[in-house]
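Working notes, structure below.
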Amino acid sequence: VPAPRLDHHTLEKYENIWFLIASIMAVLLFVAVLASFFSGTYPSLTGEGGHHIEGVRNGRIDPRNFAGTPFAEPGVRENPDGTVEVFVVGKAYQFQPAVLRLPAGKPVTFHVTSADVLHGYYVEGTNINATAIPGQVSSFTTTFRRAGTRQVICNEYCGTGHQNMINRVIVEP
Ligand code: CUA
């Protein structure tokens with residue numbers, strides 16, 4: 001006795017519907033990932049806090065050669081879209097640039113790396129406390145509320161000159 005069979009065309013119809021649903025979901029997922037990538041809310045894709053840095057891939061950088069990256073000339077960059085970025089290099093026993101002039105009340109994105117050993121990038125009187133790691137870029141965004149001068153202190157023991165590794169951030173009104 002042959003087993004009862006579902007009509008072949010009915011099965012095909014259900015299969016097509018499920019295939020369509022799966023396809024739509026796959027497309028939606030792809031669009032979502034793409035959209036988050038371009039809006040910069042997908043930091044794990046770049047490892048630079050969602051910011052693209054010229055010459056830096058996945059937050060990795062050659063600590064012996066900054067050529068082709070903004071770290072070759074550390075300092076403040078004002079982008080055409082009005083955002084402010086800062087590139088800082090820790091090097092025994094200085095942070096470069098030695099003096100940073102930054103605007104108050106405006107978000108500033110820091111990118112910090114090291115040219116030799118581990119340094120701690122700590123800005124007195126703020127919650128800025130990043131580790132400068134050779135071969136890696138640490139990125140974060142902060143807004144200075146008040147104008148004034150703050151000391152930058154290395155708070156990671158890095159050698160004989162460690163206690164002298166002090167720089168300044170000048171926040172301008
Ligand atoms: Cu640099 Cu301690």
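What follows draws every value from the coordinates through simple rules; no lab data is involved. Note that the coordinates shown come from a computational prediction; the quantities given were computed from them, not determined experimentally. Neighbour counts are summed over all protein chains in view; Cβ atoms, including those assigned to glycine, are modelled from backbone coordinates with ideal geometry.
Given the Cα-Cα distance of Glu172 and Phe19 and 0.36 nm per residue of separation, how much length would full extension add, in nm?
49.1 nm
Using the number of other C-beta atoms within 10 angstrom as an exposure proxy, rank Ser23, Ser138 with the fewest first.
Taking fewest neighbouring Cβ atoms as first place, the list is Ser23, Ser138.
With a cut-off of 8 Å between alpha carbons and a minimum separation of six or more residues, what is the relative contact order of region 51-172 in percent?
25
Using the alpha-carbon atoms, what tilt in degrees (0 to 90, nearest 10) does helix 8-38 show relative to the longest principal axis of the chain?
With both axes taken from Cα atoms, the answer is about 10 degrees.
Mind ranking 94-101, 124-131 by how tightly packed they are, going by the mean number of other C-beta atoms within 10 angstrom, highest first?
Final packing ranking: 94-101, 124-131.
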